[in-house]
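S.K.: Quick one: structure below, then a few questions.
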Amino acid sequence: MHQTLVIAKQTFKESVRNKILYIFIAFGLVTIFCSAFMPAVSGEKIKIVESVCLRSITFFGMLAAILLASSSIPSDIEDKVLWTITTKPVSQYSFILGKVTGFVYIIGLLVLILGSASYALIKVVDSLQKDTEHQGLTARQMFEPAHLKITGKSAKKSGNIHWIEGEKGCASSWSFTGLESKNTSDKIVIESNMFVESRNNRKKTIPVNVKVVNHFTGESHRETVTVANKKPSFLRWSNETLGGGKNLTIVMTPQHSGDFLGIRPDSLRLFLGNKSFEYNFLKGLIVISAQFILMVVIATLGSTFFSLPVNILFCLFIFFCGNITDFMRDISTVITIAGAHEHDHEHGISAVVKKPSTFVTLLNSILTAPLTTLSYILPNFKKFNIGNYFIESINIPIKRIFASFVYMFLYIIFCLPISFIVFRKREFA
Amino acid sequence: MDKTLAIKTNNLTKVYRSFFGRKKVLALNKLNIEIKVGEIFGLLGPNGSGKTTTMKLLLGLIFPTEGNAFLLGKATNDIKTKSRIGFLPEESCFYRFLNADETLDFYGQLFNIPKKERKVRADSLIKLVGLEFARKRPLRQYSKGMLRRIGIAQALINDPDLIILDEPTSGLDPIGTKETKDIISELKKQGKTVLLCSHLLSDVQDICDRIAILDKGTLQVSGTIDNLLSHKDLVEMQLRNLSDETVEELKSFITERDGEIVSIRHPSNTLENLFLKIVQERRKSTDSVTHSQ
């Protein structure tokens, strides 16, 4: 353990004296401060600043993690510094762990600097916002449905979308649990984002009956809301609707026959109360840092068997592909569907592919399996993307942070032992 | 294993293979050597003879294709044994952004030496290798000779029982070479074992008790310097204050007794001795002027 900390301290010192780190910090700071001068295209300027700040931290932090972590061990091997370290009482495990720990320190420093600058800028921009639409820096407490139930017979199911038709005895029922807010003036806000189709009109808006049931008090509220296709609709109720309870059930069904509502499990969100922006921002930085640590571990793994330039390319490849794993899965799905000549989904992806060709069939046989496999093996960096929480002023749930860290630790558990084994078997000629 | 042995190799063999596993180079072929505790052992050989490969195998930097080796009675990959070993690589491989103090402190920390003791050891070693004037300068600004000096210091930071030195005098000026040889001799007095690898034969001859000569990875000869270099059929006498007549008388005396005179000459000083004498005298006079001022 002592040797691990010595190597970690040395790695930190080495990185601190590396000009690359300062270049990334400088570019990061410039980008962050430039965001204050960006014109607000729509909505609040503060959202643009928050978004640019978080993206800058992510981008420059990731570049620093890749370049510093992927170059350190190959440089030590190339400069033969490793000869004088591994001939001392330092195990290969201590060396690798020390390197990773050192990079965690340096990433902490980088996130601290860029995060502090971002926070300061966001506060300044926030204090300068004077328009009436400006809501201030808040983090709305979001509740996702614990359960979605479709009662009656749904019109059809396409992928994960259930389509229900009005007046057919079919309804969607969402259960929300654990709802509470200390401030009694907080409103319950329900946001729905659904697909809409109608045989009756071409405007793609339909009236929907909404019933809010409080099982604690036995009371229920009814309302009709107009829902547009893929556009958010809002309903607001007083906090008193809860009546001392913590659970609500929301039932939705189209008002008229011939109107269809396309529902996914995440089509409905409920907001109640606010959390501190500072706490939310800190949580955001923690999630962002987790992906840097993941990349450091991957770069360290690569550096145990790749040379410096190859390792940098390897890390950039992982980073690039790790951001498009969903896309890779979609592509492989498109190829599979196209190759299989399936056209029976009206609301599925196959609707856009009309003519399967020899080329598509060939792609199907060559690319589908590797793309699908890669998309599951490579780390999905989208899991660390928390930008939307800040754009929508939503409090990052603790379970999201927990999930990010579990995901990161799973990769660490997979990568570190391989690094140990490879490094132990490696000769330093 | 015999506790009087510091190093022992059994049929130590190393074959470097190409990427596809095809046999490429036989770097070391069934090396068997035994180095006793407290001995200064010289490993000699031309470039590519397998000297450095032997050292890397002993230090666990590379793995043997066949055979095995023991350092201080333990396998070469034993971590605890490494705390009793000092190593100076052929090339000076250090973090160039550190200065001499930081370098010795870093290596001292790897041996878990307490902070105060590290400081004391670093001070005395920097003084020993003559780097006091440049101790705060980053190593990237050091000359090759200065890097060798800091290399020697880091090899001794843990007060090792076994010191493995690869070309310790490479890049050093004659004074540095002599000082290094003096350090090695001092280590012998302290009972340390030194494995010295060099192709500077005069260095090895001056300080080693025993040597081994390698060529193309194979041990050619090994033994004590005296045994290997002395000519049992020749006698060398150095005499002072003899007149030419006395020399002639000695010649005829020897010839009468069937002796063969191989050479009679006036011995000359070595260039190294001359250089050391001149530089050291000049330094002494400079020091005395400085002190008197």
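S.K.: Kindly express, to the nearest 10 degrees and within the range 0 to 90, the angle between helix A:308-322's C-alpha long axis and the longest C-alpha principal axis of chain A.
M.R.: That works out to roughly 10 degrees.
S.K.: Give me the percent of accessible area attributable to carbon and sulfur for chain A, probe 1.4 angstrom.
M.R.: 62
S.K.: Moving on. Note down the net charge around A:Arg17, summing +1 for each Lys or Arg and -1 for each Asp or Glu among other residues with Cβ under 14 Å from its Cβ.
M.R.: Spelling it out: positives minus negatives among the neighbours equals +3.
S.K.: What is the local net charge at A:Asp76, summed over the other residues whose Cβ is closer than 11 Å to its Cβ (Lys, Arg +1; Asp, Glu -1)?
M.R.: Local net charge: -1.
S.K.: I've got another one for you. What accessible surface, in Å², does a 1.4 Å probe find on A:Lys99, ignoring ligands, DNA and RNA and rounding to the nearest 10?
M.R.: Rounded to the nearest 10, the figure is 0 Å².
S.K.: Go through the range A:94-101 residue by residue and turn each phi into a ³J(HN,Hα) via Karplus (6.51, -1.76, 1.60, θ = phi - 60°); whole Hz please, and just put x for glycine and proline.
M.R.: Values, residue by residue: 4, 5, 5, 4, x, 4, 4, 4 Hz.
S.K.: When the solvent-accessible surface of protein heavy atoms is calculated with a 1.4 angstrom probe, in what order do A:Ile113, B:Ile7 fall, highest first?
M.R.: So the residues, ranked largest to smallest area, are A:Ile113, B:Ile7.
S.K.: Also: For a 32 Å ceiling on Cα separation, which of these pairs sit above it: A:Lys45/A:Lys246; B:Lys30/B:Lys119; A:Lys211/A:Lys283; A:Lys47/A:Lys399; A:Lys19/B:Lys24; A:Lys45/A:Lys149?
M.R.: Long pairs (Cα-Cα over 32 Å): A:Lys45/A:Lys246; B:Lys30/B:Lys119; A:Lys211/A:Lys283; A:Lys19/B:Lys24; A:Lys45/A:Lys149.
S.K.: Compute, for chain A, the length of the dipole vector about the Cα centre, with Cβ point charges of +1 (Lys, Arg) and -1 (Asp, Glu) only. Units Debye, rounded to 20.
M.R.: 220
S.K.: Moving to a separate point now. Regarding chain A, what whole-number volume in Å³ per residue does the convex hull of its Cα atoms give?
M.R.: Here the figure is 187 Å³ per residue.
S.K.: Return the average number of partner chain Cβ atoms within 10 angstrom of each residue Cβ along peptide B:90-97.
M.R.: 5
S.K.: Of all the C-alpha pairs in the range B:5-229, what % are more than 26 Å from each other?
M.R.: 36
S.K.: Anything losing 50 Å² or more of accessible area from the isolated chain to the full protein assembly: pick those residues out of the range A:402-429, probe 1.4 Å, ligands and DNA/RNA ignored.
M.R.: A:Glu427
S.K.: Another one. Toward the positive end of the charge dipole of the range B:137-187, about the Cα centre and with charges on Cβ (Lys, Arg +1; Asp, Glu -1), which of B:Tyr142, B:Pro168, B:Thr180 goes farthest?
M.R.: Checking the options against the dipole of the range B:137-187, the answer is B:Tyr142.
S.K.: Give me the one-decimal nm value for the distance between modelled label points at A:Tyr119 and A:Lys231, 7 Å along each residue's Cα-to-Cβ direction.
M.R.: 3.9
S.K.: Just to be sure I understand: with springs between alpha-carbon atoms less than 10 Å apart, which residue in A:Gly102, A:Gly169, A:Gly218 has the highest mean-square fluctuation in the Gaussian network model of chain A?
M.R.: A:Gly218
S.K.: If you don't mind, there's one more thing I want to ask. With every protein chain left in place, what is the accessible area of A:Asp330 in Å² (1.4 Å probe, nearest 10)?
M.R.: Its heavy atoms expose roughly 80 Å² to the probe.
S.K.: If you don't mind, there's one more thing I want to ask. How large is the direction-averaged shadow of the alpha-carbon convex hull of the range B:71-162, in nm²?
M.R.: So the mean shadow area of the Cα hull is 5.8 nm².
S.K.: Can I ask one more? Sort B:63-76, A:409-422 by the packing proxy (mean of other Cβ within 10 Å over each peptide's residues), most packed first.
M.R.: With the highest mean Cβ count within 10 Å placed first, the list reads B:63-76, A:409-422.
S.K.: Working from Cα positions, state the angle (0 to 90°, nearest 10) between the long axis of helix A:19-34 and the longest principal axis of chain A.
M.R.: It works out to around 30 degrees.
S.K.: Using every pair of alpha-carbon atoms in the protein assembly as shown, split the distances into 20 Å bins beginning at 0 and state the percent of pairs per bin, rounded to integers.
M.R.: Bin by bin from 0 Å, the calculated values are 13, 32, 26, 17, 9, 3, 1, 0.
S.K.: Taking the Cα atoms of the range B:1-83 alone, what are Rg (to one decimal) and Dmax (as a whole number) in Å?
M.R.: Cα only, the range B:1-83: 13.3, 43 Å (Rg, Dmax).
S.K.: Once you have the Kirkwood Rh of the range B:136-274 from its Cα pairs, apply Stokes-Einstein at 20 °C and 1.002 mPa s and quote D in µm²/s.
M.R.: 113
S.K.: Calculate the mean, over all residues of peptide B:103-113, of how many other protein chain Cβ atoms lie within 10 angstrom of the residue's Cβ.
M.R.: Averaged over the peptide's residues, the number is 4.
S.K.: In addition: Could you list the square roots of 5 times each eigenvalue of the Cα gyration tensor of the range A:48-204, that is, the equivalent ellipsoid semi-axes, sorted largest first and rounded to whole Å?
M.R.: Semi-axes, largest first: 51, 27, 17 Å.
S.K.: Right, something else. Which whole-number percent of Cα pairs in the range A:145-265 have a distance greater than 17 Å?
M.R.: Summing the P(r) tail past 17 Å for the range A:145-265 gives 55 percent.
S.K.: For the pair B:Asn241 and A:Lys204, how long in nm is the line joining their label points, each one 7 Å along Cα→Cβ?
M.R.: Placing both labels 7 Å along Cα→Cβ, they lie 12.1 nm apart.
S.K.: Right, something else. Please quote Rg/Rh for the range B:10-133 to two decimal places, taking the Kirkwood radius as Rh and restricting both calculations to Cα atoms.
M.R.: 1.03
S.K.: Where Lys and Arg each count +1 and Asp and Glu each count -1, what net charge lies around A:Thr86 among other residues with Cβ under 12 Å from its Cβ?
M.R.: Surrounding charge for A:Thr86 is +4.
S.K.: Could I ask something else about it? Arrange the residues A:His2, B:His199, B:His266 by how much accessible surface each exposes, largest first, with a 1.4 angstrom probe.
M.R.: B:His266, B:His199, A:His2
S.K.: Could you check which residue among B:Glu132, B:Glu117, B:Glu245 shows the biggest mean-square fluctuation in a GNM of chain B with a 10 Å Cα cutoff?
M.R.: Comparing B:Glu132, B:Glu117, B:Glu245 in the GNM, the peak value goes to B:Glu245.
S.K.: Something else about it: What's the average, rounded to a whole number, of partner chain beta-carbon atoms within 10 Å of each residue's beta-carbon in B:77-88?
M.R.: Other-chain Cβ atoms within 10 Å of each residue's Cβ, averaged: 3.
S.K.: Ok, one more. Using Cα centres only, tell me the gap between the range A:363-398 and the range A:249-328 in whole Å.
M.R.: 6
S.K.: Can you tell me what share of the DSSP beta bridges in the range B:135-282 is antiparallel? A percent to the nearest 5 is fine.
M.R.: 55
S.K.: Give the relative contact order (percent, whole number) for chain A; include only Cα pairs under 8 Å separated by 6+ residues.
M.R.: Over chain A, the number comes to 20 percent.
S.K.: Would you mind giving the total buried accessible surface between chains B and A, with a 1.4 Å probe and ligands, DNA and RNA left out, rounded to the nearest 100 Å²?
M.R.: The B and A chains share an interface burying roughly 2800 Å².
The values are calculated or read from the model by the stated rules, or taken from the named source; none is laboratory data. It should be emphasised that the depicted structure is a prediction, and the values quoted were computed from it without experimental measurement. Heads up, the Cβs are rebuilt from the backbone with ideal geometry, glycines too, and the neighbour counts pull from every protein chain shown. We work out accessible area using only protein heavy atoms, side chains counted, and drop any ligands, DNA or RNA first. Shrake-Rupley method; radii C 1.70, N 1.55, O 1.52, S 1.80 Å.
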